[in-house]
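To keep things clear, I will list the structure first and then write my remarks on it.
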Amino acid sequence: MLNILKKFKIIIIFSLITIGIIPFSLYKPAETEKVAVITSIGIDKNNEEIELSANVIVPNSGASGGSGGGGDGTVKTVSAKGNDITSAFSNLTLILGKMPGLSHCDSIVLNKNLFEENVTKYLDYFVRTNNLTSNATVIVAENKASEIIETSAAQKDLRAVSLSEVLTLSDEYSIASNSNVDSFYTNYFSAAGACVLPVLTAGESNKPSGQTKENSQNTSAQSSKTENLQNSEESNLQSSSTPKSGAGGGSEGGLNSSSSSGSNSSSSSGSDSSSGGSEPSTQSSQTQSESGSGAPQKIVKNEGKAVVVKNGKIVYDLPGVEVQGLNLISSTTKKGHIKIEDVTNDFFENATLNFEIFNKDVKTMGYFINGFPIFNFKFNLVLKLEEVSMNNFNIEAMKIAHNFVTGEIKEKINESVQKSISELINSSKKNKTDTFKVYDYFYKYHNTEWLNFIKSLEDKDDYLNYVTFTCDIKSQGKI
Amino acid sequence: MIKKISAMQCGLFLFLSIISLKFLVFPSIFSQYAYRDLYFPVLIGLIIDLFFTIVVVNIIIKNPHLTFKELLTRAFGKAFAKIALMFLFVYFFVKGVVIVKETHNYFNETLFESINWFLFIIPLFFLMGFMMLKNFRAIGRSLQFLGPLMLLALLFTILIPLSEADFSNLLPMFENGASGIFKAVFFCSFTFGDYFVLFLFMGRINIKPNSKKTIMWYVVCADVLVFAFYVVFAGIFGNLGLNHSLALSEIIMHTMVSTSTGSINWINIMIWLFILFFEMGVMFLCSSNILTQVFKFKSRYVPMLITLSLLLLAVVYLYLSLIKTISIVTSFPFCIFTIVLQVLMPLACFVASKKLSGKNKVTLSQVYNTKVVKYQLTNISGTTTSKIFVSEKRFVKHFKTKTTKSAKTKKLNSSAKKLANKSEVQNA
């Protein structure tokens with residue numbers, strides 16, 4: 001007997017362990033019964049109380065996902081209040097009856113009024129908890145964060161899940177200084193202290209199907225209420241799918257759902273929603289317009305807005321032309337649009353030309369001359385003519401295999417680029433917000449000289465006014 | 001026959017030892033002192049370790065048949081050797097406990113929302129107990145199998161986040177002065193001293209002409225990979241590295257690439273689990289091995305049970321709190337103890353080796369049974385082959401004391417005589 005036990009000791013011990021653990025495994029409830037899977041969080045402040053809204057995935061084996069709209073699918077919005085984030089989460093636990101699980105939380109939407117005081121007060125919980133395992137995107141809500149959370153839950157094909165996914169996909173098309181928690185804190189603790197965050201709103205959708213062109217006009221009309229009318233039109237042309245920066249609003253013919261932002265990187269404004277028909281976002285917006293017969297539905301809108309945040313507070317709202325400038329400067333943004341007007345040459349007559357930035361290479365370099373800092377942008381743009389708008393077309397203008405980026409057109413393109421950047425620079429100087437990390441650059445690469453330069457200034461925050469910005473642009477057409 | 005390990009297996013053990021403790025919690029600890037310059041203290045520590053590794057490897061090659069205990073016993077006496085071994089036991093045991101707690105955190109934060117303490121610790125105890133019953137060669141063979149996977153996991157961990165790393169975050173260097181760097185080296189000294197495993201392999205490595213090269217190759221590879229990891233960590237997180245406690249999982253999860261690599265990341269996590277289990281196993285195997293050497297237990301179960309009991313006590317006392325464990329191993333007195341140990345141990349071996357060189361060199365026959373039987377075999381064709389039979393049992397002779405004929409010695413002598421007689425008969 002003992003010999004048998006000795007011979008098979010490993011098998012016996014293994015069997016005992018397995019038998020011992022089996023009851024724990026078989027009778028263990030599913031993790032989803034103990035943990036609520038939260039996909040996005042919204043934070044608002046009412047008086048002194050914090051309202052936490054969360055999109056929770058409700059596992060539903062029977063019903064098809066997203067049917068019926070209005071949050072009846074597999075995503076539900078739950079709210080809880082508290083004096084601070086921790087107590088709000090505790091109350092959320094009581095409401096849900098489960099522990100909030102942030103492992104799949106990929107976006108944190110903050111009400112704009114939270115930035116009146118230092119917003120890090122509200123983000124601190126997410127930085128310290130080990131519950132949040134991913135680098136969630138930080139989004140600013142124009143009005144109420146809960147509205148955006150509810151609206152994104154109400155949208156079909158699990159919009160709540162892909163809210164940040166779309167922002168992530170749009171990284172190439174946005175200003176793409178990553179607006180996630182990590183980068184926010186990196187910028188917060190950097191010497192420059194400034195970062196740009198995208199702004200989303202929730203508003204009524206356009207009218208039902210068949211009226212998408214009117215939708216675009218309505219949305220344009222809506223956006224005209226803001227100060228950024230011209231800028232939003234421009235940004236529509238440039239980079240339509242930039243939910244992070246907010247640039248490219250009005251994509252998809254004005255149906256500014258967050259889902260549309262990922263699908264219209266190359267579409268110009270005024271295009272119908274059906275133009276991107278194969279994209280899931282367009283499908284969702286189409287389905288919405290079909291199903292929402294008569295009753296306007298709320299959608300998450302990207303109106304091409306962004307805000308500049310310094311030391312946790314909003315300094316100013318970034319208008320569309322400056323967003324375009326940031327897109328141009330950003331090394332991660334690969335796409336965009338440049339529009340030039342009143343072009344007259346052999347091919348065009350008083351034409352408005354829209355160029356797509358097919359490829360972009362930006363190098364920034366800083367150096368000192370006679371103790372003064374010079375910050376240089378070097379652009380290498382490959383542009384493709386995308387749209388021509390003029391009264392009388394001639395056959396020559398229809399050429400495809402032709403480099404139109406020459407002569408007057410090239411000069412105008414350079415002017416347009418310089419204008420966008422100079423608007424941004426002037427704004428930054430005026431507001432003392434270093435959105436292009438001039439301080440960080442010089443601090444890293446010319447540490448001693450830069451520190452000496454800063455010491456020599458009366459107002460150390462006003463260093464941008466003493467930096468000379470230069471721009472070298474090399475543009476060529478893509479055949 | 002004493003089962004010796006090959007140079008490759010020894011190199012793999014060293015590789016495992018070098019990567020242990022350096023990829024989970026300690027990057028954030030380094031960052032607490034050195035901020036974005038955290039790769040400098042790591043570099044300093046690795047260079048010092050490399051120096052001592054070379055010293056110890058040279059001692060091993062010079063005295064291939066002497067164990068650590070024998071070396072110190074012959075040079076300084078039994079008491080010194082036992083005290084040194086007990087210090088080594090403490091070192092390996094504490095390292096094992098830290099790895100257990102790091103693994104628990106890894107399970108809790110990366111794999112599960114929450115994990116039942118018992119479900120984690122009980123199977124782990126069985127696994128550690130099983131590994132403690134094995135010898136170094138068995139574990140070494142397993143590491144040979146796991147080696148390519150380990151390398152793959154390391155490369156994945158370093159290369160995948162590379163696209164997100166902004167190496168300008170490493171600038172400016174020495175922003176907070178050099179004091180932070182040296183503080184990091186001091187307070188994180190427990191992560192170094194990886195050459196200590198070599199003390200357990202002394203006299204147990206199958207030394208061949210290229211053994212030194214093989215072992216050093218593994219050491220250098222591991223050092224380069226560890227350094228590269230810390231550079232990438234600093235590139236991604238910069239000064240905020242102190243906020244990221246589980247570097248191994250956070251460095252990948254905070255990169256955009258993870259959304260697309262998804263499933264591949266899980267393979268990486270699984271391989272890292274194997275690495276962590278082996279790290280734990282090796283540390284506790286070293287601990288139980290030391291207990292066997294000190295107390296001369298006949299059965300391997302006894303030191304295994306003692307080690308597991310101590311582990312249980314430690315785990316219950318610390319209640320699997322990683323913060324508490326880290327605060328102990330990074331406390332000032334413990335760091336002093338660690339550094340003194342890391343310097344004195346190789347120094348003691350070096351002095352002992354010098355003492356036993358030249359006229360006092362310990363020969364193979366002094367270590368093994370002095371009775372050597374040489375017998376000849378003649379086959380049908382008339383060719384003769386000769387073989388030397390060496391007694392399988394080895395016993396230590398004190399350098400200055402006279403040999404005493406114990407019963408074992410008598411038995412060995414008699415068996416050797418019988419064999420000698422047999423060979424004479426055969427020759428006849």
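The values are calculated or read from the model by the stated rules, or taken from the named source; none is laboratory data. Computed from a predicted model, the values in this text were never measured in an experiment. We place every Cβ from the backbone using ideal geometry, glycine too, and count neighbours over all the protein chains shown. Ligands, DNA and RNA are stripped out before the accessible areas are found, and what is left, the full protein with its side chains, is counted by its heavy atoms. Shrake-Rupley method; radii C 1.70, N 1.55, O 1.52, S 1.80 Å.
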Q) Restricting the range A:346-372 to residues that are within 22 Å of A:V417 (Cβ to Cβ) and among the small types (G, A, S), which is surrounded by the most Cβ atoms within 10 Å (Cβ to Cβ)? A) A:A351
Q: Give the range B:251-274 a look and list any residue that's in a helix (DSSP H, G or I) and either modelled with pLDDT under 75 or not assigned by TED's automatic domain parsing to the domain that holds B:E102 (or both), or say none.
A: B:M253, B:S258, B:T259, B:S260, B:T261, B:G262, B:S263, B:I264, B:N265
Q. Do you know which of the residues in the range B:163-221 that are closer than 19 Å to B:E279 by Cβ and β-branched (V, I, T) is nearest to the other protein chains (Cβ to nearest Cβ)?
A. B:T191
Q) Quick check, is B:M283 in the same structural domain as B:N105 (by TED's automatic domain parsing) and either of a type in the set (V, I, T) or open to solvent by 60 Å² or more (accessible area, probe 1.4 Å) (or both)? A) no
**Q.** Enumeration of residues in the range A:101-135 that are facing chain B (nearest Cβ under 10 Å), touching a helix residue (DSSP H, G or I) at 6+ places or on another chain (Cβ under 7 Å) and in contact (Cβ under 8 Å) with a residue 60 or more places away in the chain
**A.** A:D106
Q) Is it the case that the range A:396-413 has a residue that's touching a strand residue (DSSP E or B) at 6+ places or on another chain (Cβ under 8 Å), under 30 Å from A:W450 (Cβ atoms) and among the hydrophobic types (A, V, I, L, M, F, W, C)? A) no
Q: Quickly run through the range B:23-68 and pick out the residues that are surrounded by fewer than 21 Cβ atoms within 10 Å (Cβ to Cβ), within 24 Å of B:I207 (Cβ to Cβ) and touching a residue at least 24 places away in the same chain (Cβ under 8 Å).
A: B:L50, B:I54, B:V55, B:N58, B:I61, B:K62, B:P64, B:H65
**Q.** Counted residues, the range B:287-320 - those being loosely packed, with under 14 Cβ neighbours inside 10 Å and polar (S, T, N, Q)
**A.** 2
Q. List pairs: first in the range B:164-186 and in contact (Cβ under 8 Å) with a residue 12 or more places away in the chain, second open to solvent by less than 20 Å² (accessible area, probe 1.4 Å) and among the β-branched types (V, I, T), Cβ under 6 Å, 6+ apart or cross-chain?
A. B:E164/B:T255; B:A165/B:V232
Q: Give the residue that is nearest to the other protein chains (Cβ to nearest Cβ), with candidates limited to residues of the range A:8-51 that are part of a loop (DSSP other than H, G, I, E, B) and surrounded by 11 or more Cβ atoms within 10 Å (Cβ to Cβ).
A: A:K28
(Q) Residue under question is A:S152, and the condition is that it be open to solvent by less than 10 Å² (accessible area, probe 1.4 Å) and either modelled with pLDDT of 90 or more or under 18 Å from the mean Cα position of the chain (by Cα) (or both); does it hold? (A) yes
(Q) Of everything in the range B:179-215, what is within 17 Å of B:L43 (Cα to Cα) and over 14 Å from the mean Cα position of the chain (by Cα)? Give them in sequence order. (A) B:S179, B:G180, B:I181, B:F182, B:K183, B:A184, B:V185, B:F186, B:F187, B:C188, B:S189
Q | Test for B:F76: is it surrounded by 21 or more Cβ atoms within 10 Å (Cβ to Cβ) and of a type in the set (F, W, Y) | A | no
Q: Kindly establish whether B:Y195 is open to solvent by less than 40 Å² (accessible area, probe 1.4 Å) and either closer than 23 Å to B:L344 by Cα or outside the structural domain of B:I48 (by TED's automatic domain parsing) (or both).
A: yes
Q | Residues of the range B:90-127 satisfying the condition of being touching a residue at least 40 places away in the same chain (Cβ under 8 Å), open to solvent by 20 Å² or more (accessible area, probe 1.4 Å) and not aliphatic (A, V, I, L, M) | A | B:F93, B:N105, B:E109, B:W117, B:F125
